[in-house]
Amino acid sequence: MTELTLEESSEKRELFEKQIQAGEKIEPKDWMPERFRKQLIRMISQHAHSEIVGMLPEGNWITRAPNFRRKKTLLAKVQDEAGHGLYLYCATETLGIDRSELVEQLLTGKAKYSSIFNYPTLSWADIGVIGWLVDGAAIVNQTSLAKTSYGPYSRAMVRICKEENFHKKQGYEIVTGLAKGTPEQRDMVQDSVNRWWWPSLMMFGPSDKDSPNSKELLAWGVKRRSNDELRQRFVNLTVPQAKAAGVTLPDPELRYNEETQDWEFGPINWEEFWQVVSGNGPCNRERMKARQDAHSSGAWVREAAEAYAEKQQRKRAAA
Ligand code: FAQ
């Protein structure tokens, strides 16, 4: 990167702030403060890693899907998540970092990925509940991020949200089907809702007062809504869906507030959240090992691709 004089850099900073204030998108070739670049790399790559690690809990059920239609749908969903991850790695690379470095950060535990994927998928109902609640929460977060101030991330979100909507619908269809099923199926889906509800609320991150990055990200328009605002929106959307499906959300303190028109909810177990984020969730070690093993067993593919690219380069040079 070229060194700027103090005058040049304050002019550029001013232009950048003006672009943000005017709601214009910042594009890869625009000047941006180093801190803005770093924050975006952190957030978008964490999102990419989440999509990739997020394939594991559901991938676990592909061979055990109850019928051919469900198997095809689940396979397509898991493939979509891989596509989202690759798309988001590309968006991160526009900020001047190489993908191999990002992958290294995930595999060495330097970079985070979403807490939600450190919980186990114990029954088929979990596949329905993940689609409904986890993809549902992702949609609320990502619809807001579709308006983010960084162009490549914003465009990625528009496309990804379309697919997440389909994921949510397939999940809700499984949930409603099981909730109308045999007593065993009803118990299975209720047990799954009991296990996934609170971790889904944690996906939105710590509450605003404990979120060190939010202030800066909101000021730069990277985040359009705070963690708590999005969490509340998710709860407001989901409570009626739970009632319609015939399942109970495991929170005795859920109450509708006529004045604010919000569904108020009970306290979140932040101790559990931070434990999971710091590597001590039920499946953290298993997830990391799965990614590390996949990376080392894929080494020959990377080597072959590099050898092919070199060969093509030599051919072009010789022509
Ligand atoms: N898990 O200051 P904040 C999906 C960390 S995609 C783990 O509030 P920020 C699709 C945070 O990184 C799901 N860590 O942070 C799918 C920070 O640590 P750092 C992923 C978390 O960035 C469905 C520290 O805590 N979505 O589900 C979490 O302002 C089904 C302090 O927090 C995205 O990544 C967490 N839940 O806000 C795939 C969306 N929350 O980095 C497969 C984009 C916080 O300073 C199957 N990201 N932390 O060391 C975001 O919207 C934001 O980054 C937040 C966190 C809201 C996640």
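The values are calculated or read from the model by the stated rules, or taken from the named source; none is laboratory data. Quick caveat, the model's predicted, so the values are computed rather than measured. Glycine also receives a Cβ, built like all others from the backbone with ideal geometry; neighbour counts cover every protein chain displayed. Just so you know, the surface numbers come from the protein's heavy atoms only, side chains and all, with ligands and any DNA or RNA stripped out. Shrake-Rupley method; radii C 1.70, N 1.55, O 1.52, S 1.80 Å.
The table that follows gives values for the structure above.
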quantity	calculated
Top-ranked residue of the stretch 251-295 - restricted to ones that are of a type in the set (S, T, N, Q) and outside any loop (DSSP other than H, G, I, E, B), ranked as surrounded by the fewest Cβ atoms within 10 Å (Cβ to Cβ)	ASN257
Candidate set: the stretch 115-161, residues that are among the hydroxyl-bearing types (Ser, Thr, Tyr) and assigned to a helix (DSSP H, G or I); chosen: the one nearest to the ligand (Cβ to nearest atom)	SER115
Hits in the stretch 68-80 - residues which are surrounded by 14 or more Cβ atoms within 10 Å (Cβ to Cβ), basic (Lys, Arg) and farther than 22 Å from MET203 by Cα	ARG70, LYS71
Any hit, the stretch 232-247, residues being within 19 Å of the chain's Cα centre (by Cα) and of a type in the set (Gly, Ala, Ser)	no
Hits in the stretch 112-144 (condition: of a type in the set (S, T, N, Q), buried (at least 20 other Cβ atoms within 10 Å of the Cβ) and more than 22 Å from TRP274 (Cα to Cα))	GLN142
Any hit, the stretch 91-98, residues being closer than 30 Å to TYR172 by Cβ and within 16 Å of the ligand (Cβ to nearest atom)	yes
Within the stretch 101-113, considering residues that are within 19 Å of the chain's Cα centre (by Cα) and outside any helix (DSSP H, G or I), the one nearest to the ligand (Cβ to nearest atom)	LYS112
Selection count, the stretch 212-234, where residues are near the ligand (Cβ under 10 Å from one of its atoms), buried (at least 18 other Cβ atoms within 10 Å of the Cβ) and in a helix (DSSP H, G or I)	5
Residue check for ASP98: more than 23 Å from GLU306 (Cα to Cα) and acidic (Asp, Glu)	no
Sole residue being out of contact with any His (no Cβ under 9 Å at 6 or more places or on another chain) and more than 18 Å from LEU217 (Cα to Cα), chosen from LYS25, LYS12, LYS38	LYS12
Any hit, the stretch 151-164, residues being at pLDDT below 95, basic (Lys, Arg) and within 17 Å of the chain's Cα centre (by Cα)	yes
Given (1) open to solvent by less than 30 Å² (accessible area, probe 1.4 Å); (2) over 23 Å from TRP270 (Cα atoms), number of the condition GLN105 does not satisfy	(1)
Residues within the stretch 164-205 that are away from the ligand (no atom under 15 Å from the Cβ), surrounded by fewer than 23 Cβ atoms within 10 Å (Cβ to Cβ) and not hydroxyl-bearing (Ser, Thr, Tyr), tallied	15
Tally, over the stretch 51-67, of residues that are open to solvent by less than 10 Å² (accessible area, probe 1.4 Å), touching a Leu at 6+ places or on another chain (Cβ under 9 Å) and not aliphatic (A, V, I, L, M)	1
Test: residue in the stretch 81-100 that is closer than 17 Å to SER149 by Cα, open to solvent by 40 Å² or more (accessible area, probe 1.4 Å), outside any helix (DSSP H, G or I) and touching a helix residue (DSSP H, G or I) at 6+ places or on another chain (Cβ under 9 Å)	yes
Residue under evaluation LYS209, criteria (1) open to solvent by 20 Å² or more (accessible area, probe 1.4 Å); (2) under 15 Å from the mean Cα position of the chain (by Cα), criterion not met	(2)
Where a residue in the stretch 29-50 is within 18 Å of PRO212 (Cβ to Cβ) and among the β-branched types (Val, Ile, Thr) and its partner, wherever it lies, is outside any helix (DSSP H, G or I) and open to solvent by 20 Å² or more (accessible area, probe 1.4 Å), with Cβ under 7 Å and at least six apart	ILE41/ILE97
Criterion (free of Cβ contacts under 8 Å to residues at least 24 places away in the same chain, open to solvent by less than 40 Å² (accessible area, probe 1.4 Å), more than 23 Å from ASP210 (Cα to Cα) and of a type outside the set (Lys, Arg)) met by exactly one of ALA319, ALA245, ALA309, ALA299	ALA299
Inter-residue pairs, beta-carbon under 9 Å, first farther than 20 Å from ARG37 by Cα and in the stretch 215-229, second of a type in the set (Val, Ile, Thr), 6+ apart	none
